[in-house]
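Asker: There's a structure below that I have some questions on.
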Amino acid sequence: MKKITIATRESKLALWQAHFVRDQLLAAHADLEVELLGMTTKGDQWLSAPLNEVGGKGLFVKELEQAMLQGHADIAVHSAKDLPAQMPDGFLLPVLAYRADVEDVLVSTYGDLQNLPQGAKVGSSSLRRKTQLLSLRPDLDIQPVRGNVGTRLQKLEEGQYDAIVLAAAGLDRLGISRSTWHTLDVGLCLPAPGQAALGIECLDNPEVLAVLAALEDQNVARCVRAERGISAGLGADCSLPVAALAKPLEGNTLELNALIGNADGSRILRSCVRGTDPDEISATAVAELRAQGAEDILQQVRQAH
């Protein structure tokens, strides 16, 4: 192939990610031309409600997939955590790579989580974050906040919230100052499956796959594959408070931590599994969570939404 077109959302973070992947492709293929196709998705347009109420994570990818189906683009670059657990028929996810800081951060002038005032209003549309924060601070008032990173930070500065929770990777990639950041250790707030990794999506095209092969990172891919197996195994999307993080140990071994909790944080189920096969350890973790009562939590959350 002489030219690759990348479909991307037009938020600052999405464009950073697309430009980053473009630079990696150009570094790997000196004779390749790479262009960006900027697009606005329904997920970018519908900001008045949490994602779980308006269609889920797929709202951020459908237009990009349509562009690929119509031949306007060859690949799409995503934050891996924004991808649905199951890819649509015909689409592949050959590259899961370039993982940055996986942690969440609390952004607030009050200080860290324990220093927030009683009943503080915290902006987060993530049920995963909500259940874990409420398990630590049941007094907090967790309220939805939508929009890109800049919009959310502006709402915080305007006093609409006492704090907001964001992914450290997004703030890092945008070069935003850490002065009011307060890292939430993964032991306090386990991240979303795929958090901080980039995912490159394409159709099953041998020429495109050959170009992308230079960008593959099997270490990151194995970890994210295990994490995504939790979402897939529980039938989870953004309407369910599910978290997972895999990390490499010695040799070929992975350690996968996973959890699911109810909406108010009063009950959180956890699993920690080690093994060498990403699919096997995610299946084992899902089985452990179900044995602890995950199905009850899944039904409660679905009924509430």
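Asker: Looking only at segment 218-260, how many residues end up being farther than 18 Å from G275 by Cβ and basic (K, R)?
Answerer: So the count comes out to 0.
Asker: Scan segment 126-144 for residues that are crowded, with 22+ Cβ neighbours inside 10 Å and assigned to a loop (DSSP other than H, G, I, E, B) and jot them down.
Answerer: If the condition is that a residue be crowded, with 22+ Cβ neighbours inside 10 Å and assigned to a loop (DSSP other than H, G, I, E, B), then S126, L140 are the ones that fit.
Asker: If you don't mind, another one. Return yes when R137 is closer than 19 Å to D185 by Cα and more than 19 Å from the chain's Cα centre (by Cα) and no when it is not. First the steps, then the outcome.
Answerer: On the way: closer than 19 Å to D185 by Cα: yes; more than 19 Å from the chain's Cα centre (by Cα): yes.
In short, yes.
Asker: Scan A226, A210 and give me the residue that is of a type in the set (A, V, I, L, M, F, W, C) and buried (at least 17 other Cβ atoms within 10 Å of the Cβ). Break it down stepwise before answering.
Answerer: Details: A210 fails: buried (at least 17 other Cβ atoms within 10 Å of the Cβ).
Only one candidate qualifies: A226.
Asker: Would it be correct to say that Q195 is surrounded by fewer than 21 Cβ atoms within 10 Å (Cβ to Cβ) and modelled with pLDDT of 95 or more?
Answerer: On the way: surrounded by fewer than 21 Cβ atoms within 10 Å (Cβ to Cβ): no; modelled with pLDDT of 95 or more: yes.
No: the conditions fail for Q195.
Asker: Follow-up question, since we're still on this one. For K81, are the conditions met, namely being surrounded by 21 or more Cβ atoms within 10 Å (Cβ to Cβ) and of a type in the set (K, R)? Working first, answer last.
Answerer: Details: surrounded by 21 or more Cβ atoms within 10 Å (Cβ to Cβ): yes; of a type in the set (K, R): yes.
Judged against the criteria, K81 is a match.
Asker: Within segment 286-299, is there a residue that is touching a strand residue (DSSP E or B) at 6+ places or on another chain (Cβ under 9 Å) and in a loop (DSSP other than H, G, I, E, B)?
Answerer: The answer is yes, given that some residue of segment 286-299 is touching a strand residue (DSSP E or B) at 6+ places or on another chain (Cβ under 9 Å) and in a loop (DSSP other than H, G, I, E, B).
Asker: Sort out which residues of segment 150-194 are among the aliphatic types (A, V, I, L, M), part of a helix (DSSP H, G or I) and under 17 Å from the mean Cα position of the chain (by Cα), and write them in order of number. It would help to see each step written out before you state the result.
Answerer: Let us first name the residues in segment 150-194 that are among the aliphatic types (A, V, I, L, M), namely 153, 156, 163-169, 171, 174, 176, 184, 186, 188, 190, 192.
Keeping just the survivors that are part of a helix (DSSP H, G or I) gives 153, 156, 168-169, 171.
Matches in segment 150-194: A168, A169, L171.
Asker: D172 - would you say it is surrounded by fewer than 21 Cβ atoms within 10 Å (Cβ to Cβ), in contact with a Leu (Cβ under 7 Å, 6 or more places away or on another chain), more than 23 Å from I230 (Cβ to Cβ) and not assigned by TED's automatic domain parsing to the domain that holds I260? Show your work before the answer.
Answerer: Details: surrounded by fewer than 21 Cβ atoms within 10 Å (Cβ to Cβ): yes; in contact with a Leu (Cβ under 7 Å, 6 or more places away or on another chain): no; more than 23 Å from I230 (Cβ to Cβ): yes; not assigned by TED's automatic domain parsing to the domain that holds I260: yes.
In short, no.
Asker: Hey, among A263, A243, A283, A221, which residue is out of contact with any strand residue (DSSP E or B) (no Cβ under 7 Å at 6 or more places or on another chain), at pLDDT 95 or above and either in a helix (DSSP H, G or I) or not assigned by TED's automatic domain parsing to the domain that holds Q132 (or both)? Spell out how you get there, then give the answer.
Answerer: Working: A263 fails: at pLDDT 95 or above; A243 fails: out of contact with any strand residue (DSSP E or B) (no Cβ under 7 Å at 6 or more places or on another chain); A221 fails: out of contact with any strand residue (DSSP E or B) (no Cβ under 7 Å at 6 or more places or on another chain).
Checking each option against the conditions leaves just A283.
The values are calculated or read from the model by the stated rules, or taken from the named source; none is laboratory data. The shown structure was predicted, so the numbers you read here are calculated from the model rather than taken from an experiment. Counting neighbours? That spans all protein chains shown, and the Cβs are built from the backbone with ideal geometry, glycine included.
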